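K.L.:
The structure follows.
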């Protein structure tokens, strides 16, 4: 029950006039978004294009046409952006790429770059 002697009928147990019935009515501060990082795939002369497409489909959840377009960008310009993520996810994706490439004996490399 609200106390008529308190402004806004505040919560008498907390002594805070901004609290009503145990629920805070204070305004939330806006939280900044975490920085985002690009996962970059680098071209080499040995990793087959089909393997790069498979990596993009399996690790980065790209569709066949998008994976092919990224692979061609890597092939033609020397690098391509596989995806943009928060740092922990980006580093995990890089480790997965390196693990898959090493397992198959390919020198495919990936890196992280701030967006």
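Throughout, read-outs are computed from the coordinates displayed, never taken from laboratory work. Fair warning: this is a prediction, and the values are worked out from it, not measured in the lab. Glycine gets a Cβ as well: all are built from the backbone with ideal geometry, and neighbour counts include every protein chain shown.
K.L.:
Quick one: in region 88-111, of everything that is assigned to a loop (DSSP other than H, G, I, E, B) and surrounded by 13 or more Cβ atoms within 10 Å (Cβ to Cβ), which residue is nearest to the chain's Cα centre (by Cα)?
P.N.:
Checked region 88-111; the qualifying residue nearest to the chain's Cα centre (by Cα) is 108.
K.L.:
Within the set of pairs 6+ apart or on separate chains, which have a first residue in region 25-37 that is without any contact (Cβ under 8 Å) to a residue 40 or more places away in the chain and at positive phi, a second that is surrounded by 10 or more Cβ atoms within 10 Å (Cβ to Cβ) and part of a loop (DSSP other than H, G, I, E, B), and C-beta atoms under 9 Å apart?
P.N.:
Hits for this filter: zero, empty list.
K.L.:
Still on this model: Can you pull out the residues in region 48-66 that are in a helix (DSSP H, G or I), crowded, with 19+ Cβ neighbours inside 10 Å and within 18 Å of the chain's Cα centre (by Cα)?
P.N.:
55, 56
K.L.:
Condition check: touching a residue at least 40 places away in the same chain (Cβ under 8 Å) and not in a strand (DSSP E or B). Does residue 73 satisfy that?
P.N.:
In short, no.
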